[in-house]
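This report concerns only the one structure given below.
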Amino acid sequence: MQLITELLAGVVMFATLMAWVPRNEWWFRGFDFPRLQILALGAASLVGFALTHASLQPYQQMLLVGLLLCLVDQARMVLPYTRLWCKQVVQATRVDPANQISLLVSNVLTPNRNKQALIELIAQQQPDVVITLETDRVWEQALAVIEPYYPYQVKVPLDNLYGMHLYSRLPLIDPEVKFLLSPEIPSIHTQLKLRSGKRIWLYALHPKPPSPTEAPDSTLRDAELLMVGDHIEATDQTCIVAGDLNDVAWSRTTRLFQRISGLLDPRVGRKFINTFHAQYPFLRWSLDHVFHSNDFSLIEMTRMPDIGSDHFPVLTILHYDQAVEALQEELEATPEDEQEAEQRIQEGQQQAQQEHPQHRQEEVG
């Protein structure tokens, strides 16, 4: 039992240190994801020390100190997504339906045959906007039944797991499909008009994850997200960014994106909304996100039931209210943040040029 406890402590220390390595390769960035799981293993190891180590040899003392430091580091990353933290987004109190917007984001899993589950969920929740990811032509045909209720549509059916569809009850203004860095990875950029007449921007994203089967590193994923964040900061928009970002809320890149863009995360101070993997409860983290400018307050953000995908859908209901800007402080980027973001964007653009020399890279907006 002592040996198992010590090996577990070693695993936790290794995983924690790997996440600190400033490299983009997937075998480093993969340790950003399972922080809750690493924290749970570390807590189990700590209990093991208490139960099995009546006295500690010098190497065991060092191991215990290292374990405690790693537990503090892991907790520092995940505690903001609990009620122990201050809310980043205020709860809406007086709601004007004309300034309300509800979004359903769903990574459907292309080979998922249970199309009806998503259709029934949309019919039940009746969101203003539906964003589907991994949708191909088969999914597009299945979702045709919702089109009478969603007259504004942007369709990008692809067979490469990066298809994307946007269905809206609210009018879309000049929607564009952009391939920012890769001809394989679309994103949707559009304005939409709330019932009050207020125009807001909506960005739907789904970059490739760093993994042995997708992308060898996170360079393009990080650059795409930071390009959008940089554009939002420069144009000072009322906006929402939504999608499967293939990154967790607590990663260095996502936190940098928030500081660069000034956008807020309604999960902070409330709860985890771990959307992946739907079939493995112990291996879940937050891949599907909704960020927004500080002139929105939160009505509700809820993980929806399983639809047969490896992701759970997420329903988010926001309320536009300029008055809440005084209550919600934008995250501010330091000069070092700006420099890091610019460097990572340039690295992504250079890598994209090498991988897709014929592709004309596009600007955000």
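The values are calculated or read from the model by the stated rules, or taken from the named source; none is laboratory data. Quick caveat, the model's predicted, so the values are computed rather than measured. Backbone-built Cβ (ideal geometry, glycine too); neighbour counts: all protein chains shown. Please note that ligands, DNA and RNA were not included when accessible areas were found on the heavy atoms of the full protein model with its side chains. Shrake-Rupley method; radii C 1.70, N 1.55, O 1.52, S 1.80 Å.
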Report task. Go through the range 166-191 and give me each residue that's open to solvent by less than 20 Å² (accessible area, probe 1.4 Å) and either over 24 Å from Thr254 (Cβ atoms) or of a type in the set (Val, Ile, Thr) (or both). Result -> Tyr167, Ser168, Leu170, Ile185, Ile188, Thr190
Report summary line: In the range 103-135, residues that are in a loop (DSSP other than H, G, I, E, B) and out of contact with any Leu (no Cβ under 7 Å at 6 or more places or on another chain) total 7
Report task. Quick one: which residue in Leu56, Leu17 is surrounded by fewer than 19 Cβ atoms within 10 Å (Cβ to Cβ) and more than 28 Å from the chain's Cα centre (by Cα)? Result -> Leu56
Query raised in the report: Of the residues Ile122, Ile101, which is without any contact (Cβ under 8 Å) to a residue 60 or more places away in the chain and crowded, with 17+ Cβ neighbours inside 10 Å?
Result: Ile122
Report task. Take Leu63 and decide whether it is in contact (Cβ under 8 Å) with a residue 60 or more places away in the chain, of a type in the set (A, V, I, L, M, F, W, C) and assigned to a helix (DSSP H, G or I). Result -> no
Query - Top-ranked residue in the range 147-165 [being of a type in the set (Phe, Trp, Tyr) and open to solvent by less than 30 Å² (accessible area, probe 1.4 Å); ranked as farthest from Val129 (Cα to Cα)] - result: Tyr162
Report task. Would you please list the contacts, defined by Cβ atoms under 8 Å and residues six or more apart or on different chains, that run from a residue in the range 127-149 that is within 15 Å of Asn107 (Cβ to Cβ) to a residue that is open to solvent by less than 20 Å² (accessible area, probe 1.4 Å) and in a helix (DSSP H, G or I)? Result -> Val130/Ile122; Val130/Ile146; Thr132/Leu118; Thr132/Trp139; Thr132/Leu143; Thr135/Leu143; Leu143/Leu118
Query raised in the report: Somewhere in the range 77-85, is a residue free of Cβ contacts under 8 Å to residues at least 24 places away in the same chain and either open to solvent by less than 60 Å² (accessible area, probe 1.4 Å) or under 18 Å from the mean Cα position of the chain (by Cα) (or both)?
Result: yes
Query raised in the report: Quick check: is even one residue across the range 228-243 open to solvent by less than 10 Å² (accessible area, probe 1.4 Å), in contact (Cβ under 8 Å) with a residue 60 or more places away in the chain, of a type in the set (Gly, Ala, Ser) and part of a loop (DSSP other than H, G, I, E, B)?
Result: no
Query raised in the report: If you take the residues in the range 87-98 that are assigned to a loop (DSSP other than H, G, I, E, B) and modelled with pLDDT of 95 or more, which one is most open to solvent (accessible area, probe 1.4 Å)?
Result: Lys87
Query - Unmet requirement for Ser309, which otherwise passes all of (1) touching a residue at least 24 places away in the same chain (Cβ under 8 Å); (2) over 25 Å from Lys193 (Cβ atoms); (3) surrounded by fewer than 22 Cβ atoms within 10 Å (Cβ to Cβ) - result: (3)
Requested in this report: Would you mind stating whether Val138 is open to solvent by 20 Å² or more (accessible area, probe 1.4 Å), assigned to a helix (DSSP H, G or I) and out of contact with any Ser or Thr (no Cβ under 7 Å at 6 or more places or on another chain)?
Outcome: yes
**Report entry** Answer residue from the range 199-220, given it is farther than 17 Å from Ile232 by Cβ and among the charged types (D, E, K, R) and is surrounded by the fewest Cβ atoms within 10 Å (Cβ to Cβ) among those
**Finding:** Glu214
